[in-house]
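Chemist: Once you've had a glance at the structure underneath, I'll fire off some questions.
The values are calculated or read from the model by the stated rules, or taken from the named source; none is laboratory data. Quick caveat: nothing in here was measured; it's all calculated off a predicted structure. Glycine gets a Cβ as well: all are built from the backbone with ideal geometry, and neighbour counts include every protein chain shown. Ligands, DNA and RNA are excluded from the accessible area calculation, which covers all protein heavy atoms including side chains. Shrake-Rupley method; radii C 1.70, N 1.55, O 1.52, S 1.80 Å.
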Amino acid sequence: QFVSDELADIVGSDIKPLPQPQDVVLYGFGRIGRLVARILVDKTGGGDVLRLRAIVIRKSKNDHDLEKRAALLRRDSVHGSFNGTIRVLESENTLVINGNPVKVIYANSPAEIDYTQYGIHNALVVDNTGVWKDSAGLEQHLRPGASKVLLTAPAGDDIPNIVYGINDHEITPQRKIISAASY
């Protein structure tokens, strides 16, 4: 409710918050990744803001991996059912979420990925794995097709932990990596 109240002036208005659409890649698809996916797809609208384009995960030994991931997105034990539709295109490694095709990329590390192969350019990578928390680790995400990284865990070294309303002024166009974790 807090976020809805804070964004009340923007939601439903004709004001575009971004000058051009921004591709987003979720690196990891645990609970945080699935919640971020729900929010992004819910807010995609006409596709002129943040657009979830891909999810990067490790390949499961489960034969029906995409079906399992879709089921986890459809129903969360705390946040309830997803308000929308999810189709699985197994042969294309794609989840179609509310009509938005989201490519599922299987990789064991960021170094294996060239996002431009999937038509993704200048993407914001949201790392919600918690595996990498310092600059050296998170810089691995800055691959072809990716330009910024947002970490969903507290960061180490010189990466700022951004708390909106407290130190969000530290977000600048030059900064490539930030953390959205709290102090």
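Chemist: Pick from region 1-35 the residues that are among the charged types (D, E, K, R) and farther than 20 Å from Leu52 by Cα: which of them is surrounded by the fewest Cβ atoms within 10 Å (Cβ to Cβ)?
Modeler: Once the filter is applied, the top-ranked residue is Asp14.
Chemist: What residue, among those in region 162-183 that are β-branched (Val, Ile, Thr) and assigned to a loop (DSSP other than H, G, I, E, B), is surrounded by the most Cβ atoms within 10 Å (Cβ to Cβ)?
Modeler: Ile162
Chemist: Mind counting the residues in region 75-111 that are closer than 18 Å to Val125 by Cβ, in a loop (DSSP other than H, G, I, E, B) and either touching a residue at least 60 places away in the same chain (Cβ under 8 Å) or open to solvent by less than 40 Å² (accessible area, probe 1.4 Å) (or both)?
Modeler: 2
Chemist: I would also like to ask the following. In region 98-120, how many residues are over 20 Å from Lys59 (Cα atoms) and at pLDDT 95 or above?
Modeler: First pass over region 98-120, keeping only residues over 20 Å from Lys59 (Cα atoms): 98-100, 116, 119-120.
Filter again for at pLDDT 95 or above, leaving 116, 119-120.
Looking only at that region, the number is 3.
Chemist: Something else now. So which residues in region 131-143 are outside any loop (DSSP other than H, G, I, E, B), out of contact with any helix residue (DSSP H, G or I) (no Cβ under 8 Å at 6 or more places or on another chain) and open to solvent by less than 70 Å² (accessible area, probe 1.4 Å)?
Modeler: Within region 131-143, Ser135, Gly137, Leu138 meet the criteria.
Chemist: Which of the residues belonging to region 41-74 are closer than 15 Å to Leu95 by Cβ, under 16 Å from the mean Cα position of the chain (by Cα), modelled with pLDDT under 90 and open to solvent by less than 50 Å² (accessible area, probe 1.4 Å)?
Modeler: Matches in region 41-74: Val41, Thr44.
Chemist: Moving on. Within region 144-158, does at least one residue satisfy the condition of being surrounded by fewer than 18 Cβ atoms within 10 Å (Cβ to Cβ), under 15 Å from Asp23 (Cβ atoms), in contact with a Ser or Thr (Cβ under 8 Å, 6 or more places away or on another chain) and not basic (Lys, Arg)?
Modeler: yes
Chemist: Another question, if that's okay. Which of the residues belonging to region 112-130 are outside any helix (DSSP H, G or I) and either among the hydroxyl-bearing types (Ser, Thr, Tyr) or out of contact with any Ser or Thr (no Cβ under 9 Å at 6 or more places or on another chain) (or both)? Can you show your working first?
Modeler: Start the filter on region 112-130 by keeping residues that are outside any helix (DSSP H, G or I), which leaves 113-114, 119-130.
Passing the criteria: Ile113, Asp114, Gly119, Ile120, Thr129.
Chemist: Report, by residue number, each residue of region 72-98 that is out of contact with any strand residue (DSSP E or B) (no Cβ under 9 Å at 6 or more places or on another chain), closer than 16 Å to Arg38 by Cβ and not hydroxyl-bearing (Ser, Thr, Tyr).
Modeler: Leu72, Asp76, Val78, His79, Gly80, Asn83
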